[in-house]
Structures are given as C-alpha cells and as structure tokens.
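Working notes, beginning with the structure itself.
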C-alpha cells in the first residue's frame with residue numbers, strides 16, 4: 001500500500017508527538033513550524049511542567065495521565081535522557097473551596113492511582129517547606145512529578161527525525177476559507193494536522209475563535225536558600241494550590257523554585273515581548289511569604305512568559321475541520337495538554353488515519369463552561 005502524504009503544522013509538543021506516532025506507524029510525515037522546534041515562543045516552552053493524574057471526578061483524563069506517565073518513562077528509556085523526575089505532587093485543598101479535591105479519591109480508587117490523604121499537621125511534618133494554616137487537607141500523589149519540558153520537546157524531535165520524519169521551516173497561514181496556505185499556495189496532503197497551539201485561534205477565526213481564548217501566564221523561578229537541599233526535587237514535591245490560584249515545582253538541575261501565581265494576561269502572539277510583568281513579581285513574593293516562608297528574601301533567578309489557548313470546558317480540541325475533510329485540528333491545551341502529549345499524539349494519529357473517531361469531549365461543537373465540580377482542571 002502506498003504511503004499517505006501527511007503534513008503536520010506546528011512543532012510544539014502536540015504536533016511533535018502526533019507526527020512521531022504517525023511516522024512510527026510507517027507513514028511519511030512532513031513537519032512544518034515557523035521557527036525551530038523547541039523555540040521559546042511556543043506554549044511548549046519553559047524548563048519543566050507538572051505531570052499528575054488528579055483531574056477531580058474526570059476519569060478520562062485521570063487514565064490518560066497515568067498512561068502518559070508510562071509513555072514518558074518509556075521514551076526516557078528509549079532516548080536515554082532524563083525526561084521525568086518522580087518527586088510526587090501535593091494538592092492543597094483550601095477549606096470551603098475544595099470540590100475538585102473532594103471528588104478525586106473516588107476517581108483515584110477506580111483507576112488505581114496511589115494516593116495519601118494528609119491533614120494539616122501531617123503536611124507540615126512531612127513537607128516542612130509549606131506553611132498551611134488555611135488548608136483543610138492535602139492529597140499526595142507519590143507517582144506524580146515533573147517533566148523536563150524543553151528536553152521532552154527535543155526528545156520528541158530527535159526521535160521523529162530518527163524515524164525518518166522531515167522538518168521544514170515555514171509560516172503556514174489560512175485564507176478567508178480557512179484553507180492552510182504556505183508561500184501563497186494551498187498545502188496539499190492526504191492528511192493535514194494543524195497543531196499550532198494559541199495560533200489556532202488566529203488561523204481559524206470562524207471555527208476555533210468562538211470556542212477559545214488566548215492568555216499569557218507569567219512564571220518566576222526563585223533561588224533556593226544557601227547550603228540547603230530542602231527545596232530540591234529529592235526533598236520536595238510539585239504542588240497545586242487552587243485556593244491561592246497557584247502551583248509550583250521544586251528545584252531540579254539547579255533551576256530554582258518555580259512558584260507561579262496564575263494571573264491570566266492578554267497577549268498579542270506576534271508582537272508582544274515575552275517578558276513577565278512587574279505585578280507578577282510582587283504577587284509571587286506575597287504568595288511565597290504566605291506559603292513558603294523559608295524562601296523569603298531569595299532572589300528571582302529566571303522567568304518565563306507562556307501563553308495558552310483556553311476552551312470553555314478546558315477539554316482539548318481534536319476534530320475535523322467542518323469545511324475541509326482532510327484537515328484535523330489538534331490542541332486547545334488549556335494548560336494541561338503537555339503531560340498528556342504522548343497519549344494525545346497517539347490518539348490524534350489514530351483519528352487522522354481514520355482508525356477511530358475523536359471522543360465527543362474533543363469535538364468543536366457543543367462547548368460550554370464547566371463549574372469546578374465538573375471541570376477536569378478544577379477551574
């Protein structure tokens with residue numbers, strides 16, 4: 001059987017994983033990105049990302065996260081690079097605002113995810129880095145941890161090329177009919193996968209813009225105390241702190257503590273500088289005083305400005321374009337696709353090859369905002 005002609009547009013983690021799975025299946029894949037894959041304007045940029053199974057009552061994403069964890073470890077063994085540190089994840093449940101956390105234990109038990117419930121005293125005894133006077137309890141997921149995001153992107157790129165995939169630099173735009181164009185000509189392929197992250201919203205004003213929004217997220221890295229290993233990944237877990245609108249990761253490979261206070265920010269993808277706002281600095285330091293008092297006085301050592309595309313229900317997008325039967329739209333990360341990328345890419349490849357249909361939750365039509373009890377992200 002002749003190989004299909006396949007083009008994947010977008011060299012972030014979504015496009016790379018989809019292209020890798022298509023190439024592994026014996027297809028001939030051409031990957032096109034505006035910049036070099038791994039560039040720091042992509043949503044897949046930044047040094048590390050949390051990988052955890054917690055998704056509240058949503059069993060679908062809980063299972064996908066567990067499957068993706070196994071896939072990341074397999075990729076790590078295949079390429080012989082460190083892609084993941086299994087430092088665990090601590091989910092802090094704020095008194096009176098913990099529907100997402102309350103729904104998690106039953107889901108974990110059904111799926112078979114190891115977890116422990118810690119009360120306030122147990123949190124401070126086991127993880128003394130945290131001050132938790134406002135926390136009702138915590139869920140500790142020991143097999144969670146952090147992915148070295150930049151390295152993961154380069155690993156996927158390396159494997160894609162190793163299996164014969166072609167990488168090309170080019171700026172793919174769309175015409176008024178939302179057809180994909182390169183150098184003024186329509187892109188021709190049996191299968192065209194568009195995985196351009198936040199740029200999907202701009203490329204598809206009729207199809208994607210009505211169900212999405214693009215926001216910027218400011219991230220700061222803070223130095224660890226002199227002579228101390230307390231904030232290293234060997235001593236400290238990643239954490240999610242919805243009550244404070246925050247999350248963070250311990251220091252790994254000298255990165256410093258990533259303590260992010262999520263302040264959604266507007267961004268012009270093509271014109272704005274990727275610089276954090278001054279407001280982020282004082283909000284992050286205020287959060288550190290509240291939750292991580294031993295870091296007070298430590299200096300910011302690095303910063304990242306990431307952007308994400310949000311859907312109303314925080315579900316991903318994986319669906320055929322309503323007017324172009326060979327065009328598959330893949331992404332809608334909502335801030336939590338990176339950890340799922342190996343399974344998402346495999347699934348997207350299967351949908352692209354017409355082996356199965358995308359699940360209803362990934363369809364373009366029928367989107368609605370979910371409350372914290374329903375949302376897999378807890379937002």
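Before moving on, here are some points about what is shown:
- Put simply, the C-alpha atoms of the range 19-100 give a gyration tensor, and the ellipsoid matching it has half-axes of 30, 17, 15 Å, longest first.
- Annotation: for a label point projected 7 angstrom from Cα along Cα→Cβ of residue 95, residues of the range 111-146 with backbone N closer than 19 Å are 118-125, 130-139.
- More than 19 Å apart - percent of Cα-Cα pairs taken over the range 109-165: 56 percent
- Mean projected area (nm²) of the alpha-carbon convex hull when the range 218-305 is viewed from all directions: 6.0 nm²
- Gyration tensor verdict on the range 1-145 (Cα atoms; rounded if a/c is under 1.5, prolate if a/b is larger than b/c, oblate otherwise): prolate
- Only helical runs count toward this figure. For the chain, summing -39,500 (n - 2.57) over DSSP H runs of n ≥ 4 and dividing by all residues gives -8000 deg cm²/dmol at 222 nm.
- Largest GNM mean-square fluctuation among 342, 237, 225, using the chain with Cα springs under 10 Å: 225.
- Orientation-averaged projection of the range 175-230 equals 7.8 nm² [convex hull of Cα atoms, one quarter of hull surface area].
- Given in Å, the Rg to one decimal and the Dmax to the nearest whole number for the Cα atoms of the range 254-378 are 18.7, 57.
- Dimensionless Rg over Rh [the chain; C-alpha; Kirkwood]: 0.96
- Rg(Cα) / (2.2 N^0.38 Å) computed for the range 200-264, rounded to two decimals: 1.57
- Over the range 119-199, the hull volume per residue, using the convex hull of the C-alpha atoms, is 217 Å³.
- Packing here is the average count of other Cβ atoms within 10 Å per residue, and on that basis the peptides 293-305, 41-53, highest first, run 41-53, 293-305.
- With Cα atoms defining each centre, the range 124-191 and the range 204-262 are spaced 15 Å apart in the structure.
- Compared with the dominant principal axis of the Cα atoms in the chain, helix 99-111 is inclined by about 70°.
- Computed over the range 69-152, the ratio Rg/Rh where both radii use C-alpha atoms and Rh is Kirkwood: 1.05
- Distance (nanometres) between label positions extended 7 Å along Cα→Cβ at residue 253 and residue 235: 2.2 nm
- log₁₀ of I(q)/I(0) at q = 0.14, 0.21 Å⁻¹ - the range 94-248, Debye sum with one point per alpha carbon: -0.99, -1.38
- For the chain, DSSP calls about 70 percent of its internal beta bridges antiparallel.
All of the numbers you see were taken from the coordinates with simple rules; none came from a lab. In this text the structure is predicted, and so the values were computed from the model without any measurement. Glycine also receives a Cβ, built like all others from the backbone with ideal geometry; neighbour counts cover every protein chain displayed.
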